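The values are calculated or read from the model by the stated rules, or taken from the named source; none is laboratory data. As the structure is a computational prediction, the values presented were derived from the model and not from experiment. Ideal geometry is used to build each Cβ from the backbone, glycine not excepted, and the neighbour counts take in all protein chains shown. Heads up: the accessible areas ignore ligands, DNA and RNA and are worked out on the full protein's heavy atoms, side chains in. Shrake-Rupley method; radii C 1.70, N 1.55, O 1.52, S 1.80 Å.
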Amino acid sequence: MKLSIIILNYNVRYFLELCLRSVEAAITDIEAEIIVVDNNSPDNSCCTMVKELFPNVKLIENKENYGFSKGNNIGVARAKGEYLCILNPDTVVAEDTFTKIIAFADQQTNLGIVGCQLIDGRGKFLPESKRHIPTPKVALQKLIGNSKKYYDNNLAPNDIGKTEILVGAFMLLKQDVYKEVKGLDEDYFMYGEDVDLSYKVLKAGYDNYYYGKTSVIHYKGESTLKDKVYAKRFYGAMGIFYKKHYKKNILISAMVKIVLSIAAKRKPLAKLEAPSVKETIVISETKEERLINKIQNSVSFQTHLDTISDGAQFILDVESFGYKAAIDFIKTYNTTKQNTYRIWVKSSNFILGSDSSVGRGEVVSF
């Protein structure tokens with residue numbers, strides 16, 4: 001088997017369904033399997049939905065929340081693919097995402113991890129798609145507002161090239177490499193695991209790559225809110241990373257303490273105010289009265305992804321136009337137009353999207 005896609009789910013039923021639909025559309029020409037690991041979601045409808053709508057998906061139902069690393073490792077233990085893809089449930093992939101990245105990966109002789117271009121729900125590029133090693137000095141600079149050396153700005157969003165640190169929302173690598181470095185470190189519960197895995201792969205002598213020729217939507221913040229618990233886990237995870245990889249240097253240890261003490265005092269990010277919506281434009285080959293009844297503003301329909309307004313909310317029917325077309329539309333007409341976007345899964349009667357990478361998105365079912 002060529003590819004095993006591991007999706008760790010926690011309580012994001014509708015985002016998971018959209019993710020799975022996009023993944024299924026992206027592996028039609030690949031010998032691949034999808035493994036969903038549910039980390040004991042309080043909302044049991046997640047597992048029910050997978051069983052009913054995606055009978056070919058391998059579902060693992062954990063009896064407790066084991067966190068990101070252990071949950072994914074449980075999925076990998078069942079995987080049969082030459083390649084693994086660690087994928088967040090709050091993502092949407094294009095139909096050609098896996099074919100493009102695997103074709104690239106097959107050409108490399110010293111392949112570590114491959115990441116791709118991630119955008120948020122409004123089409124904004126997410127700079128964490130490609131990062132440098134967050135040494136204590138780099139982390140300290142970032143804390144005081146200088147992110148120049150934290151993100152890998154040597155590569156443009158559409159470039160392809162070597163980078164150091166990739167993000168856990170989308171990481172593709174060979175299963176042999178994953179096992180060689182002993183996978184995701186289970187000392188991390190949430191956050192920091194992707195930094196650690198990327199760094200371990202580099203230390204093992206492999207090259208990590210950023211592949212910017214395909215874009216994936218990442219609705220950040222769906223599995224966790226940006227609150228005090230988030231801040232504690234995030235900065236605590238970086239403490240684990242420094243202890244594991246920098247513990248023998250007295251000066252660095254002192255700098256780590258400074259970084260973590262400053263970080264602990266920072267307030268969590270506040271949720272941004274939602275943009276005002278002047279009109280709602282539904283882009284679909286058909287009209288749906290139940291959808292219209294759910295929308296408060298004036299609604300207009302158009303049948304092509306070629307018209308753009310300013311300050312509008314666009315509802316994109318992916319079953320009419322496909323995932324790649326929707327992603328490209330959102331990416332092209334991003335926040336410079338002050339528009340917002342929702343993806344419409346017509347057969348399941350729900351729309352979802354996010355206007356900010358801080359906090360949860362919006363799901364409307366009807």
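Structure above, values below:
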quantity: Cα pair count fraction exceeding 19 Å, expressed as % - region 309-360; calculated: 26
quantity: In Å², nearest 10: area of Y333 left accessible to a 1.4 Å probe; calculated: 60
quantity: With 5 Å bins from 0: P(r) over region 1-75, alpha-carbon pairs, percent; calculated: 3, 16, 30, 26, 16, 7, 2, 0
quantity: Charge dipole (region 47-206, unit charges on Cβ, about Cα centre) - positive-most of A79, I113, V92; calculated: I113
quantity: Percentage relative contact order, region 279-366, counting C-alpha pairs under 8 Å, at least six apart; calculated: 26
quantity: Shape of region 52-156, Cα gyration tensor, a/c cut at 1.5; calculated: prolate
quantity: Over region 94-154, equivalent-ellipsoid semi-axes from the Cα gyration tensor in Å; calculated: 28, 17, 7
quantity: C-alpha center-to-center spacing [region 153-170, region 295-366] in angstrom; calculated: 26
quantity: Normalised contact order of region 38-164, rounded percent, pairs of Cα under 8 Å and 6 or more residues apart; calculated: 14
quantity: Total lysine pairs whose alpha carbons fall under 24 Å of each other in region 149-220 (8 or more apart, or interchain); calculated: 19
quantity: Globularity ratio of region 117-225, using Cα Rg and 2.2 N^0.38 Å; calculated: 1.07
quantity: Cα convex hull volume per residue for region 115-181 (Å³); calculated: 110
quantity: Cβ crowding within 10 Å averaged over residues, with 310-321, 12-23 ranked highest first; calculated: 12-23, 310-321
quantity: Pairwise centroid distance, computed over Cα atoms, of region 178-218 with region 1-57, Å; calculated: 21
